Each structure stands twice: as C-alpha cells, then as structure tokens.
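Heads up: the structure comes next, in structure tokens.
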Amino acid sequence: SQQGEEDPQALSIQEGENATMNCSYKTSINNLQWYRQNSGRGLVHLILIRSNEREKHSGRLRVTLDTSKKSSSLLITASRAADTASYFCATDVRGSGGYQKVTFGTGTKLQVIP
Amino acid sequence: NAGVMQNPRHLVRRRGQEARLRCSPMKGHSHVYWYRQLPEEGLKFMVYLQKENIIDESGMPKERFSAEFPKEGPSILRIQQVVRGDSAAYFCASSPPTLNNEQFFGPGTRLTVL
C-alpha cells in the first residue's frame, strides 16, 4: 500500500471556507512535502516540513506534522476557486545508496465552488 | 532559469511500438526521477538517476522499460513494445545534489497506446 494516504479522497467547499486535508504514513521520515496538481498538469511544490518541525506556514497554507501519529495536515484558509486542484503529500525516506526517496500519497481532490 | 522540460507533451503509439520520453532537468540539477501517474491516481516512483548512473530502479517494470541519463543530453525513459496498460502520464522531476531533496516537476508526457 502507499506510504502516504490522504484523507479525504475528495473535498468540495464554498469559496472563502477553509479546506483541511490529512496525510498518514507508515515509516519514519526525514521530511514531508505537499504538492499541488492542477488537472492535466505537472506538480507544483507547496511546502516542506522537516521531521523536527511541528508546524509551518506559507501564505494561506498551514502544515502540521505529528511524527508520533505519523500524520500531517494541510490547511488552506480563505479558499479561492483557483485552489481547485489535487493535493498530494510526499514523504522522504532514506532509499538504497543513502539518497532520500520520495513517495507520494494517493491525493485529495479539492473543489472550491465560487 | 528554465524549469524541467519534458517532450513530447503528448505521445500516441500503437501496441507494439516504442515510446521514448525525454526529460531535461533544471540547470544545475544532477538528479532525475521518473514517475508514472495513472488516471485518478497518485504518482508512482519508477526510477532515480544521476548522470550516467541508475541509483534506484525499484519502481520500474523489469521488462520493456529502461531509463538512462547520459553525460550529455536529456534523460530518456524508453518503453518497448507498448501495451494499452502503459497509457499514463509520465512525469520527470529533478533536484540539486543537496539534502533538501525538493523535487521540481516537469509538465509530464501523456502517453496513449491505441
């Protein structure tokens, strides 16, 4: 199964509301990252949080990390229609040869209704 | 500084043909990663390469798939004797040789096998 699994799989909210997505993972990690993907496009890196950090902000984004529960959340405040996209968490684990292997979750599809 | 470039953006092949997907990493990036994304799914890791070396190919099918990152030129993902199940979006990402491991993604190549 996936290292990271997002919850919910799909989320539909009104513009202006907050959107919260969760990610759970199985093994110990070094970093956790959140990416966004617009339909039919590539991934855009949003934010990276290290294993020794608990919370990080970037604009309207707030990410939390709880390593004891092996979970992370992404909060988008005051959502806009342009936030409509799929959001993926990605965990870094140490792969063979010592490099950081990134594993993606299954994604949350967010729809923001104008 | 141009981002990660992939070409072609769309590729249509008939069963049994070969598909060649190209990825030019960002300037200064020596690490390249290939991922496959099936419709409505997350990204699945395929292979990680550094210049002239395959570091981790644990996600790549043993048959028909190969990847290279030569000293000069782009990274190539090659799929021989394509089958309908190979239809997917193939994303390339690159990263600099640092511990941060933030990966920058290309726009992807959408392969359709008829």
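With only the Cα atoms considered, segment B:73-114 has a convex hull volume of 98 Å³ per residue.
In terms of overall dimensions, the protein assembly as shown has a Cα radius of gyration and Dmax of 17.6, 50 angstrom. Evaluated over the protein assembly as shown, the count of Lys pairs having alpha-carbon atoms less than 15 Å apart is 7 (only pairs 8 or more residues apart or interchain).
The coefficient of translational diffusion for segment B:5-114, derived via Stokes-Einstein from the alpha carbon Kirkwood radius under 20 °C and 1.002 mPa s, stands at 154 µm²/s.
For segment A:3-114, the alpha carbon positions stretch 47, 29, 21 Å along the principal axes, listed from largest to smallest. Residues B:Tyr90, B:Tyr48 in ascending order of nearby Cβ atoms (within 10 Å, fewest first): B:Tyr90, B:Tyr48.
In peptide A:42-52, what is the residue-averaged number of other protein chain Cβ atoms found within 10 Å of each Cβ? Across A:42-52, the average partner-chain Cβ count within 10 Å equals 3. Listing A:His45, B:His10 from fewest to most neighbouring C-beta atoms within 10 Å gives B:His10, A:His45.
In a DSSP loop and with at most 10 other Cβ atoms within 10 Å, the trypsin sites (Lys or Arg not before Pro) in segment B:28-114 are B:Lys62, B:Lys71.
Throughout, read-outs are computed from the coordinates displayed, never taken from laboratory work. Values in this document were obtained by computation on a predicted structure and should not be read as measured data. As a convention, Cβ positions derive from the backbone with ideal geometry for all residues, glycine included, and neighbour counts pool all protein chains shown.
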